[in-house]
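Peer 1: Below are the structure tokens for one structure; questions will follow.
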Amino acid sequence: MEDRTVVVCGEKNWKDEIIETRINLSYPVSPTDSGLSSLPSPLKEKADLEAQTTPEQEPAQKHLGFIRYTTLNVYRRLFTLAFIGNIIPLIIYLVRAAEPLNLVNASAINLAVCGLCRQPLVLNLLYLIFGSVPRSAPTTIKRLACRIFHLGGVHSGTGVASFIWYIGFAGLYTYQFNPATSNPIGIAVLALIYSVFALLLSIIVVAHPSIRRKHHDVFELVHRFANWGILALFWVLLFLLGTQEASLGQFLLQLPAFWILILLTLATIHPWLLLRKVTVTPEPLSPHAIRLHFDHTTVKFGQGIQVAKHPLKDWHSFACFPDCFDDVKDTALEDTKFSCIVSRAGDWTKDTIVTQPTKLWKRGVPTYGFGYVFRMFSRIIVVTTGSGIGPCLSFLGDENRPKMRVLWQTRSPLKTYGQKTMDLVNRMDQEPVIIDTSEKGKREEMLPQVLRLVKEFEAEAVCVISNPAVTKKVVFGLETRGILAYGPIFDS
């Protein structure tokens, strides 16, 4: 989730991650496994039951586990559900020779769902609803509610589905188009249809994970300006289509796509109406990290903000935490209300550490993110590496936060992030497990440590905030052992 909650350090090739996971799967899941032997008794019993298989059955179970938690993870299941849920009615519409406008309406509905999944007010509402599950609720309910951060699967699925519907509309309109009898308006409509088609296609192409990871700035710019272009062209398209009807007003009022377009336009404009250049108080921590303090608003547990150095260029999201928990506060920071930690992980963050900006652009409202779902648990383990500790500090924003243990692996934590950051970590956990890789000379395997903490602390769930490779590996290792574990993905 590069631009939703956290700047991560270090990434591995996707193929390397899968190979690494396959190597882990080569170990049998059995009661004598070093990880399972350290589980709390209820989880151990469950794992033991699943492990009571013959040697011939074990490979099949490993395959199923691998498929469930990687190939068919929650994000992809939601994507598939949204996509297939549209393909079936599309086929029915085409078989029944539906009118082109029916396909436009279906495309608009999917675009609305796709867009609203990323609208800050809608996101906040959804997180508040799903995050309101009481701690006394059954584990099954909490397990499902926590999946809200996989909403990106719905966003992507409906986005692709809207394009498929639009292909059907464009193809049907083109098939019915007669150049011999068409007027200039009809030709303009056809040109607009394929202009919108090109913009939709460009969004989908740059949103592919492989392109998005390598060219994130291109992805963001294309996503934003193509979206604006689609809205503008769709307005013109609907009005031109209406001029060919008996009554333009009656046509628009009776067309669902018209009302959906109004909703999408308002949803798109809203964050930009709150565009402001705000004061920032930089606090250098080291050549690798900087803490940015803000005073323009307040944040709550699990919230983050989006900031940019230029309003029309790349925006970056950071999870935030209140400044009121600092034991020692500099005079220059007396009036600040919250802050975020930025570490060197790219050109933007590198420049931020070097230039130490005093002004940044912000848009929209503080938005709830991945961490908010953990408020429904009583006892959790927080697992993080490097600058992932920044988003973890957002737990301090809730007086009723769950009891937690912290496992943090990083290089020279005191030297890199400073004493104040260490003090904040101690507020989360009075005895945090901090692994200094500069002393060890290498990174430690984190899964055994997590399993030990789960047993000792009797934790209900595990929160993992790290780079994609570590997050996937740890979450996979815990989920396949029956432990509730969650980690943000690139589209959380």
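The values are calculated or read from the model by the stated rules, or taken from the named source; none is laboratory data. For clarity, every value in this text was computed on a predicted model and none was experimentally measured. Neighbour counts are summed over all protein chains in view; Cβ atoms, including those assigned to glycine, are modelled from backbone coordinates with ideal geometry. The protein model used for the area step is the full one, side chains on, heavy atoms only, and it has no ligands, DNA or RNA in it. Shrake-Rupley method; radii C 1.70, N 1.55, O 1.52, S 1.80 Å.
Peer 1: What length, rounded to one decimal in nm, is gained on full extension from R427 through to E334, with 0.36 nm per residue of separation minus their alpha-carbon distance? It would help to have the intermediate numbers written out before the result.
Peer 2: Numbers: separation 93, 0.36 × 93 = 33.48 nm, distance 2.01 nm.
Roughly 31.5 nm would be gained on extension.
Peer 1: Which pairs break 30 Å Cα to Cα here: K337/K473; K277/K350; K214/K472; K309/K415; K403/K473; K214/K362? Mind dumping the intermediate values first?
Peer 2: Values: K337/K473 36 Å; K277/K350 21 Å; K214/K472 19 Å; K309/K415 28 Å; K403/K473 24 Å; K214/K362 25 Å.
Among K337/K473; K277/K350; K214/K472; K309/K415; K403/K473; K214/K362, the Cα-Cα distance tops 30 Å for K337/K473.
Peer 1: Starting from the Cα of V122, move 7 Å in the Cα-to-Cβ direction to define the label point; list residues of the stretch 252-291 whose amide nitrogen is under 20 Å from there.
Peer 2: Output list for this probe position: 255-275.
Peer 1: Based on the mean of other Cβ atoms within 10 Å per residue, sort peptides 119-130, 459-470, 210-221 so the most packed one is first. Intermediate results must be reported in sequence, preceding the final value.
Peer 2: Details: 119-130: 16.8, 459-470: 23.8, 210-221: 14.7.
Final packing ranking: 459-470, 119-130, 210-221.
Peer 1: Moving on. So, R0 is 30 Å and r is the distance between the beta-carbons of H310 and L263; what FRET efficiency does that work out to, to 0.05?
Peer 2: 0.55
Peer 1: Here's a follow-up. Please report, as a whole percent, how much of the solvent-accessible surface of the stretch 183-284 comes from carbon and sulfur atoms (probe radius 1.4 Å).
Peer 2: 73 percent
Peer 1: Please compute the modelled spin-label separation between R96 and A188, points set 7 Å along Cα→Cβ, answer in nm with one decimal.
Peer 2: Using points 7 Å along Cα→Cβ, the separation is 3.4 nm.
Peer 1: For K300 and R224, calculate 0.36 nm times their separation in residues minus their Cα-Cα distance, and state this gained length in nm to one decimal.
Peer 2: Length difference between fully extended and current span is 24.6 nm.
Peer 1: Compute the projected area of the convex hull of the Cα atoms of the stretch 279-354, averaged over all viewing directions, and report it in nm² to one decimal place.
Peer 2: In nm², the orientation-averaged hull projection of the stretch 279-354 is 5.3.
Peer 1: Expressed as cubic angstrom per residue, what is the convex hull volume of the alpha carbon set of the stretch 73-135?
Peer 2: With only Cα atoms used, the stretch 73-135 gives 104 Å³ per residue.
Peer 1: Here's something else I'd like to know. For the residue pair F325 and R135, what label-to-label distance in nm results when each label sits 7 Å from Cα along the Cα-to-beta-carbon direction?
Peer 2: Placing both labels 7 Å beyond Cα along the Cβ direction yields 1.6 nm.
Peer 1: Any idea what the relative contact order of the stretch 329-427 is, in percent, if you count C-alpha pairs under 8 Å spaced at least 6 apart?
Peer 2: 24 percent
Peer 1: Would you please give the FRET efficiency between Q419 and K455, computed as 1/(1 + (r/R0)^6) with r the Cβ-Cβ distance and R0 = 25 Å, to the nearest 0.05?
Peer 2: Working from the Cβ atoms, E equals 0.20.
Peer 1: In the stretch 282-308, which residues have a backbone nitrogen under 18 Å from the label point lying 7 Å from H215's Cα in the Cα-to-Cβ direction?
Peer 2: Within reach of a label on H215: no residues.
Peer 1: Which order do peptides 294-304, 225-235, 88-98, 347-357 fall in by mean Cβ count within 10 Å, highest first?
Peer 2: 294-304, 225-235, 347-357, 88-98
Peer 1: Could you rank V373, V365 by how accessible they are, 1.4 Å probe, largest area first?
Peer 2: Accessible-area ranking of V373, V365, largest first: V365, V373.
Peer 1: Rank P284, F239, H296 by how far each Cα sits towards the positive end of the charge dipole of the stretch 212-366 (+1 on Lys, Arg Cβ; -1 on Asp, Glu Cβ) and give me just the farthest.
Peer 2: Positive-end residue among those listed: F239.
Peer 1: What distance in nm separates the two pseudo spin-label positions at T279 and Q250, each 7 Å out from Cα along the beta-carbon direction?
Peer 2: Between T279 and Q250, the simple spin-label model gives 6.0 nm.
Peer 1: Using r as the Cβ-Cβ distance of S412 and D351, and R0 as 25 Å, what FRET efficiency do you calculate, to the nearest 0.05?
Peer 2: The computed FRET efficiency comes out at 0.65.
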